[in-house]
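The values are calculated or read from the model by the stated rules, or taken from the named source; none is laboratory data. Quick caveat: nothing in here was measured; it's all calculated off a predicted structure. Using ideal geometry, Cβ is built from the backbone for each residue, glycine included, and neighbour counts are taken over all protein chains shown. Please note that ligands, DNA and RNA were not included when accessible areas were found on the heavy atoms of the full protein model with its side chains. Shrake-Rupley method; radii C 1.70, N 1.55, O 1.52, S 1.80 Å.
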Amino acid sequence: MGAGAAGVRALVRPEVYTLEPYVGGKSLDEMKRRYGRADFIKLASNENAYGPTPRARAAIVRAAGEAHRYPEGGYPALRAELARRNRLKPESVILGNGSNEVLVLAASVFLRPGEEAVMAAPSFVVYEHAVRAAGGRPVVVPLRDFRHDLPAMARAVTHRARLVFVCNPNNPTGTIVTRGEVEDFLRRLPAHVVVVFDEAYNEFVTDRAFPDTLRFVRRGLRVLVVRTLAKAWGLAGLRVGYGLGAPDVVRPLELIRQPFNVNLMAYRAACAALEDRAGVRRAVAAVVRDRERLTRALACRGLLVVPSQANFVMVRAGLGPHVNGSGASLTLALEREGVIVRPLPGRLLERWVRITVGTPPENARLLRSLDRVLYRLRRR
């Protein structure tokens, strides 16, 4: 048997070495260790600052005593509830270890090596990663005015395309595409394409033009709507996502889904959270209210903010025409104030940061810290 890294590399599929590992937002523990201070706040990963509902917290505690047991295979209670509230059958629901897993399953099932997947940029980086890992070829279409350019994406679909990813609201811009735009887009697509609508932030949308993509699922179209309980439902640390599609779209994903991919505590917490609609509505309403307040406060400080329909805002780091700071430098300056935000990758977004909407005290502290940072910039 051979040994050594060179020998192993020859055994690895070539596309694996084209991948860049996903880098998540910096954690509170990491930053506390690095700076030696315990008062950090995290506004970097689009988590729900209000946390899980009381029912979900209680379910987690109860499930901890059964952690030596596997969850019920197939997750019938959770699938049935998600199906019921979305007016679908349980066979139209697939669960994932976070919505990321559902996206990866879609790329693994619908792409053969060399086939194409169309996506916008900048958008959620997992799409390109999942496509390359499956041996597919990403076809990237630039955003237009910070929004998906659906007509250009339709033109980019060739006979080799099998998947299209539409992130709505888009991460990291927070923008949406509308009902009419989506309907026109779907009419222009050939039959050999599956469209994945990633709606991780759909609960925070207030724009009435937001499309009801489940209508397409109920009509049996080749679409997969991917959502999560990480954001509005406050279960990011437990990793529960799901996909909704016609049974013939969901069935192949289910065939390769790993058994027990959602752990016992996540399963029980998800079921309990879905029972607490009032608690989630209150948290979402608070986030939407504070999103608008934060947007106005940032704009009043001379910062460019992209109007958002998600639980975050994208902000240009530069202050007016004379101070063109990078997102990385603003991030570092805020870290020194004990505030974690997210610098954005790539040349197109190097001057931008993404800021999660926190609780009112967290948002107030962000603004105080930002005032100090901007004051220092103005004095240069």
Could you tell me whether Arg55 is in a helix (DSSP H, G or I) and over 19 Å from Gly234 (Cβ atoms)?
no
List, please: which pairs have Cβ atoms under 7 Å, are six or more places apart or on different chains, and start with a residue in the stretch 100-126 that is among the charged types (D, E, K, R) and end with one that is surrounded by fewer than 22 Cβ atoms within 10 Å (Cβ to Cβ) and part of a loop (DSSP other than H, G, I, E, B)?
Glu101/Asn261; Glu115/Arg160; Glu116/Thr158; Glu116/Arg160
Yes or no: Leu274 under 22 Å from the mean Cα position of the chain (by Cα) and either touching a residue at least 40 places away in the same chain (Cβ under 8 Å) or part of a loop (DSSP other than H, G, I, E, B) (or both)?
yes
Could you check the stretch 204-216 and list, in sequence order, the residues that are open to solvent by 50 Å² or more (accessible area, probe 1.4 Å) and either out of contact with any Ser or Thr (no Cβ under 9 Å at 6 or more places or on another chain) or in a strand (DSSP E or B) (or both)?
Thr206, Arg208, Asp212, Arg215
Can you find even one residue in the stretch 168-188 that is among the aromatic types (Phe, Trp, Tyr) and not in a helix (DSSP H, G or I)?
no
Filter the stretch 81-97 for residues that are more than 20 Å from Asp276 (Cα to Cα) and of a type in the set (Gly, Ala, Ser) and give the result.
Ser92, Gly96
Return the pair list, or none, for Cβ contacts closer than 6 Å from residues in the stretch 219-241 that are touching a residue at least 60 places away in the same chain (Cβ under 8 Å) to residues that are open to solvent by 40 Å² or more (accessible area, probe 1.4 Å), at least 6 apart or on different chains.
Ala232/Glu203; Ala236/Glu47; Arg239/Asn97
Candidate set from the stretch 250-266 (those that are open to solvent by 10 Å² or more (accessible area, probe 1.4 Å), not acidic (Asp, Glu) and not in a loop (DSSP other than H, G, I, E, B)); member that is farthest from Ile94 (Cα to Cα):
Met265
Hits in the stretch 86-101 (condition: in a loop (DSSP other than H, G, I, E, B) and among the small types (Gly, Ala, Ser)):
Gly98
Looking across the stretch 296-317 at residues that are open to solvent by less than 30 Å² (accessible area, probe 1.4 Å) and in a helix (DSSP H, G or I), the single one that is farthest from Cys167 (Cα to Cα) is Ala297
Within the stretch 171-184, take every residue that is under 23 Å from Ala106 (Cα atoms) and crowded, with 20+ Cβ neighbours inside 10 Å and give me the one that is farthest from the chain's Cα centre (by Cα).
Val182
Could you check the stretch 78-101 and list, in sequence order, the residues that are exposed (fewer than 15 other Cβ atoms within 10 Å of the Cβ) and small (Gly, Ala, Ser)?
Ala80
From the list Arg219, Arg227, Arg187, pick out the single residue that is under 19 Å from Asp248 (Cα atoms) and open to solvent by 50 Å² or more (accessible area, probe 1.4 Å).
Arg219
Among the numbered criteria (1) in a loop (DSSP other than H, G, I, E, B); (2) farther than 30 Å from Ala364 by Cβ; (3) at pLDDT 90 or above, which single criterion is violated by Glu20?
(3)
